[in-house]
Amino acid sequence: MKRVNGELRETTWEDALDVVAGRLKQAGRETGFISIAGITNEDALALKNLAKNVVRTKNFDTTLSLYGDSDFFIQSQKADIDLSDVIMMVDLSPSQWQRTLPAFDASVRRRVGRGARLIVVNSSDSKIGEVATVNLKGNIISLLKGIAKSLIAKDVKADKKLRASVENAEVTEEIEKAATLIAGAA
């Protein structure tokens, strides 16, 4: 669709691309590109190259930056899944099939195939839950409180405020299993 004199009208792909190219050329270096955080690495690279080499702008970002500052991302990249014996994923549903963090999904599955235990905590079903040792589904906060309560019962250190906040949490057999895996992780 193309807006002509205030009305939307059908147009060809060629015409639509010409309009977009014209607007990008007009905006030039002031153009900004923002993609979703779940974009594949290959697509992100292609979009970045378009922004940098064709439009000639440095204004490129993903929605991932909404979730933390640069120090957070530097620290978060230190996790090495290939060395982990227990992996816990909270409210994350990577999927090679739905192109949502496909490389991460493949890495986790490969590590699980080599003996790591996977704990998935999600509010709904997830494809990765199929390979999990423990697949907890429900209210995420309640599930995490249950895990914390179970870990505290296993003599994992916790301050008084945390102890008090999880005092009434429900601990199911599956939550207990998750806490046991976490407590015994190398």
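I want to verify the translational diffusion coefficient of the chain in µm²/s; compute it with Stokes-Einstein, Rh as the Kirkwood radius over Cα pairs, at 10 °C and 1.306 mPa s.
On the way: Rh = 20.1 Å.
So the translational diffusion coefficient is about 79 µm²/s.
Computed from backbone phi with θ = phi - 60° and the Karplus coefficients 6.51, -1.76 and 1.60, the 3J(HN,Hα) list for segment 103-114 is 5, 5, 4, 5, 5, 5, 4, 5, 5, 4, x, 9 Hz; x is used for glycine and proline. Residues whose amide H comes within less than 5 Å of that of LEU118, counting only those at least five positions distant or on another chain, are ILE87, THR133, VAL134 (H built at 1.01 Å from N in the peptide plane). For the chain, a Gaussian network of Cα nodes joined below 10 Å ranks ILE152, ILE128, ILE119 by mean-square fluctuation, and the top entry is ILE152.
Of the residues GLY138, LEU181, GLN98, the one whose Cα sits farthest toward the positive end of the charge dipole of the chain, with +1 on the Cβ of Lys and Arg and -1 on the Cβ of Asp and Glu, is LEU181. Give the range of the longest stretch in the chain that excludes all GluC sites (Glu not before Pro) found in loop regions by DSSP and having at most 16 other beta-carbon atoms within 10 Å. Here the longest run is 11-166. Using just its DSSP H runs of length 4 or more, each adding -39500 (n - 2.57), the chain gives a mean residue ellipticity at 222 nm of -12000 deg cm²/dmol after division by all residues.
Computed about its Cα centre, the charge dipole of segment 84-183 is approximately 320 debye, with only Lys, Arg, Asp and Glu carrying charge at their Cβ. Note: relative contact order over the chain, using C-alpha pairs below 8 Å and six or more positions apart, is 14 percent.
So how do ILE34, ILE147 line up by other beta-carbon neighbours within 10 Å, fewest first? Write out the running numbers ahead of the final one.
Values: ILE34 12, ILE147 25.
Taking fewest neighbouring Cβ atoms as first place, the list is ILE34, ILE147.
Based on the Cα coordinates of segment 2-67, what is the per residue volume of their convex hull in Å³?
With only Cα atoms used, segment 2-67 gives 128 Å³ per residue.
Exposure proxy ranking for VAL156, VAL55, VAL112, VAL121, based on other Cβ atoms within 10 angstrom of each Cβ and starting from the fewest, stands as VAL156, VAL112, VAL55, VAL121. Listed by Cβ neighbour count within 10 Å, with the fewest neighbours leading, SER107, SER126 appear as SER107, SER126. Computed with the Debye formula from one identical point scatterer per Cα of segment 80-186, without solvent, the log10 of I(q)/I(0) at q = 0.13, 0.25 Å⁻¹ comes to -0.48, -1.33.
Quick note: the coordinates plus some simple rules give every number you see, no bench work behind them. Computed from a prediction, not measured in an experiment: that's the story for all the values here. Positions of Cβ are generated from backbone atoms using ideal geometry, with glycine treated the same way; all protein chains shown enter the neighbour counts.
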